[in-house]
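Working notes for the structure below.
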Amino acid sequence: MELTSFLVYLFLTFLFSFFISSLLLSRMSIKHINKQMAKDGVYPPSWDRGIGASASFYVFAMLFNKYRIKNQLFDARFVAKHARPIDKIIGATHSISVAGTVVCLCIITYLQNS
């Protein structure tokens, strides 16, 4: 099998994984975390109007201690507090899928141009 075709299949796999993890992250994890945060009196970011722009903030807050702080855009302390183990797995899958998709796309583009 040629390297480019292998990378295309790998890209499609990462892309499919990205779509599935995005769906699970928004419909299952973020919904659960927002519901639990509302019980503590903390509400989702006002700047995210349902388009999922806060998903990356949630993923970073779940996975990395450095991002579990309160800032002007987002209070990430409660995200980590209410994240279940399955939410962390979905978040990690989402991050890996995004990174894999971008890397594969860059390599494929480079190989096509050389």
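Length gained on full extension, residue 102 to residue 53: 15.8 nm, using 0.36 nm per residue less the C-alpha separation.
Shown for the chain are the DSSP H helices of 30 Å or more along their axis, judged by Cα atoms, with a mean Kyte-Doolittle hydropathy of at least -0.5: 3-24, 85-113. When the Cα centres of the range 1-22 and the range 44-108 are compared, how far apart do they sit, in Å? One Cα centre to the other: 21 Å. I need the P(r) histogram for the range 1-109: all alpha carbon pairs, bin width 10 Å from 0 out to the longest distance, whole percents. Once binned at 10 Å, the Cα pair distances of the range 1-109 give 15, 41, 26, 13, 4, 0. Restricting the chymotrypsin sites (Phe, Trp or Tyr not before Pro) of the range 15-111 to loop positions (DSSP other than H, G, I, E, B) with no more than 16 neighbouring Cβ atoms within 10 Å leaves 47, 64. Accessible surface calculations at 1.4 Å, restricted to protein heavy atoms, place the chain at 66 Å² per residue.
If R0 is 25 Å, the Cβ-Cβ spacing of residue 40 and residue 72 corresponds to a FRET efficiency of close to 0.85. Given R0 = 25 Å, the distance between the Cβ atoms of residue 89 and residue 114 translates into a calculated FRET efficiency of 0.10. Computing FRET efficiency as 1/(1 + (r/R0)^6) for residue 27 and residue 7, where r is the C-beta to C-beta distance and R0 is 30 Å, gives about 0.50. Overall, the chain carries a charge dipole of about 600 debye about its Cα centre when +1 sits on the Cβ of Lys and Arg and -1 on the Cβ of Asp and Glu, all other atoms neutral.
The values are calculated or read from the model by the stated rules, or taken from the named source; none is laboratory data. Since the model is a prediction, treat every value here as computed from it, not as a measurement. Here the Cβ is made from the backbone with ideal geometry for all residues, glycine too, and neighbour counts use every protein chain on show. SASA here: full protein model, heavy atoms, side chains in, ligands and nucleic acids out. Shrake-Rupley method; radii C 1.70, N 1.55, O 1.52, S 1.80 Å.
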